[in-house]
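Encoded as structure tokens, the structure appears first; notes follow it.
The values are calculated or read from the model by the stated rules, or taken from the named source; none is laboratory data. Source: prediction; values computed, not measured. Heads up, the Cβs are rebuilt from the backbone with ideal geometry, glycines too, and the neighbour counts pull from every protein chain shown. Ligands, DNA and RNA are stripped out before the accessible areas are found, and what is left, the full protein with its side chains, is counted by its heavy atoms. Shrake-Rupley method; radii C 1.70, N 1.55, O 1.52, S 1.80 Å.
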Amino acid sequence: MKKEKAGSEGGEVMNHKTEDKSVGEEEGSLFLYLAPDTPEAKKIKSLQGKEYEYAGYIGMVEYSIARYYYEVDRKITDKDAVAALKNLRKNCSRPISFFNRGLEKEIIKSLIEVLEEKPIIVHELNLVIDYVLEVISNRSWMGDKQAYIKWVAYIMDLFTEGEKEEYEKEIKKLAAEIGLSDKHADLMLMKGEEEDYFEFIEEYGEEYREEYEDIEGLRGEDAGERQKREVKREKQAGERLKEKELSDEELVAEMEDKFRLMEDEEKFDFLLENGPEFYEFAGIYISELAEKRKYDRIQELYSKLTEKYDNFLYLYVIMGATYLEIDPDLAKFYFEQALKTLDKLDEFSDATKEKLRASFVSFIEKIS
């Protein structure tokens, strides 16, 4: 029986093309479903930036965790998920009977489904597990033993409507406690990012596909159509202004609509001229850039805004929220900057300052 050396974690993996997999479920090994090593695959250091390519594997691991929590054991914690993944990573060459935890067997069963269609090498499987472990770690700041477990069940659309509403309220409450807006709470909930996150999730909810078709329809609008729509919108806004029908809130809403229709350079220049006055627009633009993973552009904007404006408190808060998931240490730095800036400002009452200070300190401690 021909065997080939496995990937970076050692052990041996049977050639999936020649080995008979028709063994008992408990006697078989996950290694039976892995592919032989390839030099190209072994060179991959991380799945950062390759999420879409490996979405099926990452998604299946996370879906299995979410499903086990939701359908089998509502008491499991993030630590249980970490332990299961680390045990699987360390011992995936052993027979399935070696794993005595239900969650571990659920993950293995789900992985086999996707590996049967498209095998990857053991090194790539380890990177998939490492990626999920990092996602779990990046939610530890939330101070909930089930922060990741609940989040992934929500993202995978397993919650009932009532459970969704309750979870969204929890996240928005947490965001408010640390001085973030509802827009940033939506980022924490990954609203509008499902297509980038997991390709396979479309199988579990038609609503996701419909939402993205609407978004793509707007993106496909040509320049002429967009200009006509913008001119019409401006004309209507002008008529309403003349009739004094707009409240201050409605005026801001009109300006926000106009801002969203601007091209990238226009948004960038607008914020350089009006950043502190329209800090919410800075949040909108930075959120858009983060969705597209244009972090260099975010840093460019941040650098120019901090050069031009002193004590831009909300910019630090926005930046902290943006980097929560991808770089908690950097997020902590921005919230520390917000804390330092707060002490320099006079426009807040003492009560408001104390409330913000307590929120920032608490949040920094949670990240630490």
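State whether the residues of segment 101-117 include one that is modelled with pLDDT under 90, under 28 Å from Phe159 (Cβ atoms), more than 23 Å from the chain's Cα centre (by Cα) and open to solvent by less than 20 Å² (accessible area, probe 1.4 Å). Scanning segment 101-117, I find no residue that is modelled with pLDDT under 90, under 28 Å from Phe159 (Cβ atoms), more than 23 Å from the chain's Cα centre (by Cα) and open to solvent by less than 20 Å² (accessible area, probe 1.4 Å), so the answer is no. Within segment 137-144, is there a residue that is part of a loop (DSSP other than H, G, I, E, B) and more than 24 Å from Leu189 (Cβ to Cβ)? No, segment 137-144 contains no residue that is part of a loop (DSSP other than H, G, I, E, B) and more than 24 Å from Leu189 (Cβ to Cβ). Every condition in (1) of a type in the set (A, V, I, L, M, F, W, C); (2) closer than 19 Å to Leu272 by Cβ; (3) open to solvent by 10 Å² or more (accessible area, probe 1.4 Å) holds for Ile326 except the one numbered (2).
If you filter segment 28-62 down to residues that are at pLDDT below 85 and under 16 Å from the mean Cα position of the chain (by Cα), you find that the one that is farthest from Asp130 (Cα to Cα) is Gly49. When you scan segment 41-58, do you find a residue that is open to solvent by 40 Å² or more (accessible area, probe 1.4 Å), out of contact with any helix residue (DSSP H, G or I) (no Cβ under 9 Å at 6 or more places or on another chain) and touching a residue at least 12 places away in the same chain (Cβ under 8 Å), even just one? Scanning segment 41-58, I find at least one residue that is open to solvent by 40 Å² or more (accessible area, probe 1.4 Å), out of contact with any helix residue (DSSP H, G or I) (no Cβ under 9 Å at 6 or more places or on another chain) and touching a residue at least 12 places away in the same chain (Cβ under 8 Å), so the answer is yes.
Applying the set (1) over 21 Å from Arg293 (Cβ atoms); (2) surrounded by 15 or more Cβ atoms within 10 Å (Cβ to Cβ); (3) in contact with a Phe, Trp or Tyr (Cβ under 7 Å, 6 or more places away or on another chain) to Met190 leaves exactly one unmet item: (1).
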